[in-house]
Structures are given as structure tokens and as C-alpha cells.
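J.: This is the structure, below, for whatever I ask next.
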Amino acid sequence: KKGLKAAEAILKKVPEHGETLAMKGLTLNCMEKKEEAYELVRRGLKANLRSHVCWHVYGLLYRSDRDYNEAIKCYINALRMEKDNVQILRDLALLQVQMRDTSGFVDTRQKLLQLKPSNRNNWIAFAIAHHLNKSYDVAVSVIEAYEGTIEELQDSEAYEHSEMLLYKATILAEAGKLAEALRVLGAAEESDQVKDKLGLREQRAELLFQMGGREEEAAQAWRDLVGTNPDNTRYHEAQQRAVGLVAG
């Protein structure tokens, strides 16, 4: 209600102020007055077709109605007016991954990384984008490039760094580079950088089984895990696969 009052106060002085019309429409949309909301946002766009705010708000309305393709078009129009707007780029990236537009997701995450290279999340999201796009080598390169920027790992970042190393091994495994994935896990374990010890052991056991010719090692790895938690049926099933009792 306060937002509506503020918008109406501005519109009394400037009735066709495009961005205010759009924001009033967005507020009404949150109040489930959708028809009026769309009408106001369209009026706002008509009054100021080159406003990134109006296009962004128009996209938000479409997104709230789950019309993601139209929302993406609106975000792209907004970025034509304000190409480095981080919030619009984030909203666009979210919908691109929702719609499985992995190549578009890669481009958007790259722009966000270029705008804020000091943000760790942008590096990881860029790696994820390449992973989803099946550009496994590039995804690993991005993670390694980020690792190269770390001068001293803070205690508060240790767990996230640990998860990143496990993720790197996962990407390598999906790329078919099982031996390299094992080396990453081994190096991480040796340097005590992985906090999720159980997750590392599970991942290592699965990699040993997938490699072929190392079934005995895999069986022993799963046997050790059964010893840590005899009630975990997944461990028993994996051990049986490794020794050939069930099909893998």
C-alpha cells in the first residue's frame, strides 16, 4: 500500500511517467490484480520504450505467470538498454537454465563473471554453466582458474572449497576422465582439503568400480563403507555389484 501511494503521488504530477507506471503495475501484480498490472506496465512501456526498468518489470510479470519465453524476451530487451545490469542478468540466467538454454546460460554467466570477477559464486556458476552445456574441459579449466586466484584459503571458505574439489572430480568423471578424477580426490585427501570425508570415500569407491579392472579395490572400498554404516542398503548393493553378485 505504501508503494502504491508513492507511485500515485508521482503519477499525479507526471501521469505518464513510464517507470512509475511499471512499478505500480508490479505492485498490483503482487496483489493479484494481474489485468490492471499488465495494462499499467504496457502503458509504462509505451511512455518510455527505452527504459530498462519497464522491460525488466514486464519480464517479471511474465515470469510470475510462468510464461518464461516471453519473460526472457523482455529481459533481453532490458539488457539492450542497460547491458551491464547485474540484477537483470541474474534473472535472465535463472530463466535460461529453467528453459534448458544452456548455451545462453553460458553467455550470461560469462558476462556476470566479467562484471564481478572477485565474486566466487560467479566463477562456480560459470563452471556449472559449462558443465550443463557438456563443455567438461572448459568447466574444469574455470574451476582451476578460480583456484589460481586463491592466495590464502580462509577458514570460513574451507567447506565450500572442499565441495568445489569434489565437484571438480564429478565433472572429470562425467567427461570419462576417471583416472584424473581419482587423482584429484587423492590430492585433496592428502592435503586434507576435503571436509566431507564420507562423500570423498563414496565418490572414490564409485570411480574405482567404473574404471574396470579395479573391482577388488572397489569392493574393498564399499566393504569399508558398509563397516561405517551397516544399515545403508546402497553400500551393500554397490559392494555386490563390485564383486559381481548383481549386474552393474
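We did not get these values from a lab; they are worked out from the coordinates using the rules stated. From a predicted model like this one, the values you see are computed outputs, not experimental measurements. As a convention, Cβ positions derive from the backbone with ideal geometry for all residues, glycine included, and neighbour counts pool all protein chains shown.
J.: What would the Debye equation give as log₁₀ I(q)/I(0) for the chain at q = 0.10, 0.12, 0.13 Å⁻¹, counting only Cα atoms as equal point scatterers?
T.: -0.68, -0.82, -0.88
J.: Determine which lysines satisfy two conditions relative to K197: a Cα distance under 24 Å, and not lying fewer than 8 residues away in the same chain.
T.: Candidates past the 8-residue exclusion: K168, K177.
J.: OK, next. Based on the Cβ-Cβ distance from K134 to E160, what FRET efficiency comes out when R0 is 30 Å, to the nearest 0.05?
T.: After rounding, the FRET efficiency stands at 0.75.
J.: Quote to one decimal, in nm, the extra length available between E237 and T170 on full extension: 0.36 nm per residue of separation minus the C-alpha distance between them.
T.: Working it through step by step, the gained length comes to 22.0 nm.
J.: Under 12 Å from the Cβ of I171, count the other residues' Cβ atoms, weight Lys and Arg +1, Asp and Glu -1, and hand me the total.
T.: Overall, the nearby charge balance is -1.
J.: Also, I was wondering about something else. Hey, what angle do you get for helix 215-228 against the long axis of the chain, alpha-carbon based, 0 to 90 degrees rounded to 10?
T.: 70 degrees
J.: Can you list the HN-Hα couplings for segment 62-74, worked out from phi with the Karplus curve (6.51, -1.76, 1.60; θ = phi - 60°), rounded to whole Hz and with x for Gly and Pro?
T.: Working through the residues one at a time gives 4, 5, 5, 9, 6, 9, 5, 5, 5, 4, 4, 4, 5 Hz.
J.: I've got another one for you. Counting each DSSP H run of 4 or more residues in the chain as -39500 (n - 2.57), what helix-only mean residue ellipticity at 222 nm follows after dividing by all residues, to the nearest 500 deg cm²/dmol?
T.: Working: 14 runs with 189 residues, N = 248.
Value at 222 nm, helices only: -24500 deg cm²/dmol.
J.: A follow-up question, please. Run the dipole for segment 50-113 about the Cα centre, Lys and Arg Cβ at +1, Asp and Glu Cβ at -1, nothing else charged, and hand back the magnitude in debye, nearest 20.
T.: In total the dipole reaches around 100 debye.
J.: Would you mind calculating the relative contact order of the chain from Cα pairs under 8 angstrom and at least 6 residues apart, reporting the percent as a whole number?
T.: Once normalised by length, the contact order is 8 percent.
J.: May I pose another question? Using Cβ counts within 10 Å as a stand-in for footprinting exposure, how do K13, K46, K168, K111 rank, fewest first?
T.: Least crowded to most crowded, the residues run K13, K46, K111, K168.
J.: Which is farthest toward the positive dipole end of the chain among L153, Q87, V226, measuring Cα position about the Cα centre, with Cβ charges +1 (Lys, Arg) and -1 (Asp, Glu)?
T.: Q87
J.: Between H161, H236, H130, where does the largest GNM mean-square fluctuation fall for the chain, given springs only between Cα atoms within less than 10 Å?
T.: In the Gaussian network model the winner is H236.
J.: With springs only between Cα atoms under 10 Å apart, run a GNM on the chain and tell me which of V184, V226, V57 wobbles the most.
T.: Residue with maximal mean-square fluctuation among V184, V226, V57: V226.
J.: While we're on this one: If the elastic network links every pair of Cα atoms under 10 Å, which of L185, L198, L166 fluctuates the most in the Gaussian network model of the chain?
T.: L198
J.: Here's something else I'd like to know. With no solvent and one equal point scatterer placed on each C-alpha of segment 1-131, evaluate the Debye formula and give log10 I(q)/I(0) for q = 0.12, 0.15, 0.17, 0.20 Å⁻¹, two decimals.
T.: -0.50, -0.72, -0.86, -1.05
J.: Ordered by residue, what ³J(HN,Hα) values in Hz, to whole numbers, does segment 154-160 give under the Karplus form 6.51 cos²θ - 1.76 cosθ + 1.60, where θ = phi - 60° and Gly and Pro are x?
T.: 7, 4, 5, 9, 4, 5, 5
J.: Just check segment 159-248 against the gyration tensor rule for me: Cα atoms, a ≥ b ≥ c as the square roots of the eigenvalues, rounded for a/c under 1.5, and otherwise prolate or oblate depending on whether a/b exceeds b/c.
T.: The shape class here is oblate.
J.: Near K5, which aspartates and glutamates are there with a Cα under 17 Å away, not counting those fewer than 8 places off in the same chain?
T.: E16, E19, E36
J.: If you don't mind, there's one more thing I want to ask. Just list whichever of K13/K34; K73/K116; K13/K33; K46/K83; K83/K111; K24/K83 have alpha carbons separated by over 18 Å in the model shown.
T.: Beyond 18 Å: K13/K34; K73/K116; K13/K33; K46/K83; K24/K83.
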